[in-house]
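K.L.:
Sharing a structure, written as C-alpha cells. Questions coming.
The values are calculated or read from the model by the stated rules, or taken from the named source; none is laboratory data. The shown structure was predicted, so the numbers you read here are calculated from the model rather than taken from an experiment. Cβ atoms come from the backbone with ideal geometry, glycine included; neighbour counts cover every protein chain shown.
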Amino acid sequence: MGSLAPGHAADFVLADLQRYGVDVCHAVQQPAGHLPVSIVIASASRGTRTILHAGGAASGSRTIVLYDT
C-alpha cells in the first residue's frame, strides 16, 4: 500500500502502470509532498547494478544515495 505525491514522477508511474493494463483508479494521490525516486543501472557484462536513490523532501535530505551491488 502506498500513495503518490503530485509531480512528474508520479505522473510517469501512473502512466506506466496504465500502459501495462494496471487499474490505478484506487491509487491514492496526496495533495502535497515529494515522491522518492530510485534508478537502477544494470550492467549485464559485469553482473553488477548501481542504485541511485533520492528520498524526497520528506526524508529531510537532498542527498542522493549510491548503492553498488
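K.L.:
Starting from the range 15-35, take each residue that is at positive phi and list its partners that are assigned to a loop (DSSP other than H, G, I, E, B) and of a type in the set (A, V, I, L, M), counting only C-beta distances under 6 angstrom and pairs at least six apart or across chains.
P.N.:
Cβ pairs passing all conditions: GLY33/ALA5.
K.L.:
I'd like the full set of residues that are in contact (Cβ under 8 Å) with a residue 12 or more places away in the chain and either of a type outside the set (A, V, I, L, M, F, W, C) or surrounded by 15 or more Cβ atoms within 10 Å (Cβ to Cβ) (or both), limited to the range 41-55.
P.N.:
Passing the criteria: THR48, ARG49, THR50, HIS53, ALA54, GLY55.
K.L.:
Condition check: modelled with pLDDT under 85, at positive phi and surrounded by 10 or more Cβ atoms within 10 Å (Cβ to Cβ). Does GLY7 satisfy that?
P.N.:
yes
K.L.:
For the range 25-40, give me each residue that is in a strand (DSSP E or B) and surrounded by 11 or more Cβ atoms within 10 Å (Cβ to Cβ).
P.N.:
Matches in the range 25-40: GLN29, VAL37, SER38, VAL40.
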